[in-house]
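Below: the structure, in structure tokens.
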Amino acid sequence: MPVDRRTFLLGLGATAGWLATRGLGAREPASFEATLRALGASLTAGQRGHIVFPADHPSRQINNTFSVLRGPHLGTLLSPGQQALVRDLYEAMLSERGREAFAGTIAVEGRLEGCALALYGEPTEPGAQAVISGGHLLLRGGAPIPGAALGGGVAYGHQIGNRQWRVPGNSFAYHGDAWNRFFATLDAEERGAAILAEPPHELLLQPQAADGAFPGLALARTSEATREAARALLDAVLSAYPEAGRQDALSSIAHHGGVEALHVASYASRGFYPDMKSWAELEPAERERRGEPYWQVWRVEGPGTVIHFKGHPHVHAYLEIVRDPARANLGESLARTSATLEGEPMRRLLEAALRRTTGEALAFHGAEVPGRFCAGEVTTGLAFALDPHANRVAVATCEGRGLPAAARERLEAQGAAIEPNGRYRVATTDYFAHEQEEHELGIPLAVETSTERVRDALIAELRANGLAAAAA
């Protein structure tokens, strides 16, 4: 979007006010709120239409990189003066250690000008939140989502060290190192409880209450030395954020029982040796000979807390830490569940939504579902979080012989009699139709992609039928 003269001058005016609040170069920066107000006052109506949203807009619940907004980027939407304000907001969202770490992410992903900005609430008034998202980052500042630490869910990563042992050169390799120091304190029995076969979907981030299901090793069963190492791990992960945010996160964890209430897990398929052989693929004798692998994917979860670190093929990581999980959901209430719904029930619900919106008899969603509904209210914010990439609904025409076995069985369970030469119209998403590397639906003969988002189809299904499909 070209920047017109009026926008440019407004940005310069905003910058002048911003510098005045800083004492024209004084050492102490303006407060986050003052900087946000200056930015808000400088925005044109056109700019506002792109980046200003109601405080309870469901997109605010998304925790993923470059998913809240796909564009326009800051470098094309905002004037140089306005970009300077956003730079100040960005720096206030991080600690000195965080600015150092995220510098690598920003350098690889096209600088801060390549990111997108969303403002929730009126930015010239108290109570607004700024969200900066880009390739491998999502940061928040200002008013938090109710009950959430760090302003709400945050995400980070860095595309360096791809498919290499210990992701060398990655800005967040030190988080992986902290995990492996922690893991080294476990005894054999504790390691057995902590090592699970495969990691869950990286976006299974919705925090559960105390009665949730937490796979892995309960830290309450471990020694004080191990729990101290767990505290050091939390310090390493939270070191990227300002002290107030770090303390708020630790206070929320303490509210739910502290580290003793947390569970931890590493994954057998993601523990690697220098030659990138995984722990899972080796015989016990070979594991014994080689010693401990480097665990590159791990998860910390407990009441109100999810920390998911994916260090292979490179770093994708997410933090969701809330004092009250029931208060963290935004938007319109659509249904209520008394128990956590994830995996197969969520897959059935999504397939029902796809059938409903397309009118097709068959639907397919992959086995991994990027989210869950925890006990409590199901809201439009949760639906947005379940479809952070705003995937589109599609109908794929598939030939029977081209369907993988798992997809064929899935469609037959919906009443189809699959013949090798038969052609079948299957409601799905644009991702599964032609973007997904694993080709879980095979390679369709044709794909019709609609303008409707999967999140909107899911919301319509919940309004019409509640959670009936999930319970089927």
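Since every read-out is calculated from the coordinates, none of them should be taken as a lab result. Keep in mind that this is a model prediction, so the values were computed, not measured. Here Cβ is always computed from backbone atoms with ideal geometry, including for glycine, and neighbour counts include all displayed protein chains.
Fewest first, what order do His158, His316 take by the number of other Cβ atoms within 10 Å? Ordered by Cβ neighbours within 10 Å, fewest first: His316, His158.
Using only C-alpha positions, report the orientation-averaged shadow area of the convex hull of segment 333-471, nm², one decimal. Working shown, then result.
Numbers: hull surface 29.9 nm².
Hull-based average projected area comes out at 7.5 nm².
For a modelled paramagnetic label at Asn465, 7 Å from Cα along Cα-to-Cβ, the residues of segment 363-403 in reach, with backbone nitrogen under 16 Å, are 363-365. Under 5 Å from the amide H of Ala335 lie the amide H atoms of Val378, each residue being 5 or more positions distant or on a separate chain, with H modelled from the backbone and absent for Pro and chain starts. Taken as Cα centroids, segment 107-159 and segment 396-472 sit 34 Å apart, rounded to the nearest whole angstrom. Look at where the Cα atoms of segment 174-252 and of segment 52-106 average out, and the two centres are 27 Å apart. Taking 7 Å steps out from each Cα toward its Cβ at Glu409 and Glu189 produces label points 3.7 nm apart.
Could you tally the net charge around Phe182, taking each other residue with its Cβ under 14 Å from the Cβ of Phe182, Lys/Arg +1 and Asp/Glu -1?
Taking every other residue near Phe182 into account, the sum is -2.
Run the numbers on the chain and let me know its relative contact order in percent, using alpha-carbon pairs under 8 Å that are six or more apart.
Details: 1004 pairs, mean separation 69.5, N = 472.
Taking the mean separation of contacting Cα pairs over the length of the chain, I get 15 percent.
Segment Glu260..Thr76, full-extension length gain: 61.5 nm, with 0.36 nm per residue of separation and the alpha-carbon distance subtracted.
Of all beta bridges that DSSP places with both ends in segment 333-471, some 90 percent have antiparallel geometry. When you restrict to C-alpha pairs under 8 Å that are six or more residues apart and normalise by the size of segment 333-471, the relative contact order lands at 36 percent. Looking at the chain alone, DSSP beta bridges between its own residues are antiparallel in about 90 percent of cases.
Report, in debye and to the nearest 20, how large the dipole of the chain comes out about its Cα centre when Lys and Arg carry +1 and Asp and Glu carry -1 on their Cβ. Show your work: numbers first, answer last.
Working: 45 positive and 55 negative charges, 180 e Å.
With only Lys, Arg, Asp and Glu charged at Cβ, the dipole is about 860 debye.
For the chain, the mean projected area of the C-alpha convex hull, equal to one quarter of the hull surface, is 23.8 nm².
Along segment 106-113 the Karplus relation, 6.51 cos²θ - 1.76 cosθ + 1.60 evaluated at θ = phi - 60°, assigns HN-Hα couplings of 4, 4, 6, 8, x, 6, 5, 4 Hz to successive residues, with x for each Gly and Pro. If you take all other residues with their beta carbon under 12 Å from the beta carbon of Arg299, and give Lys and Arg +1 and Asp and Glu -1, the sum is -2. Let's see if you can work this out: charge +1 on each Lys and Arg Cβ, -1 on each Asp and Glu Cβ, no other charges. What is the dipole magnitude of segment 333-471 about its Cα centre, in debye to the nearest 20? The calculation lands at about 400 debye.
Once you list every other residue whose beta carbon is under 11 Å from the beta carbon of Ala194, what net charge do they have if Lys and Arg are +1 and Asp and Glu are -1?
0
Secondary-structure-derived ellipticity at 222 nm for the chain, considering helices only, amounts to -10500 deg cm²/dmol, per-run term -39500 (n - 2.57) for DSSP H runs with n ≥ 4.
Across segment 178-187, rounded Karplus estimates of 3J(HN,Hα) from the backbone phi angles (6.51 cos²θ - 1.76 cosθ + 1.60, θ = phi - 60°) give 4, 4, 5, 5, 4, 4, 5, 7, 7, 7 Hz, Gly and Pro being marked x.
Extension gain, Ser333-Glu243: 0.36 nm per intervening residue step, less the Cα-Cα distance, totals 29.0 nm.
Each label point was placed 7 Å from the Cα along the Cα-to-Cβ direction; for Met276 and Asn421 their separation is 4.4 nm. For segment 415-428, 3J(HN,Hα) computed residue by residue from phi via the Karplus equation (6.51, -1.76, 1.60; θ = phi - 60°) reads x, 7, 9, 7, 10, x, 8, x, 10, 9, 8, 10, 6, 7 Hz, glycine and proline entered as x.
Only bridges whose two residues both fall in segment 173-327 count here: according to DSSP, what percent of them are antiparallel, nearest 5?
On the way: 21 of 23 bridges.
Antiparallel bridges: around 90 percent, rounded to the nearest 5.
Between amide H atoms placed 1.01 Å from N, distances below 5 Å from Gly302 occur with His263, all of them 5 or more places distant or on a separate chain.
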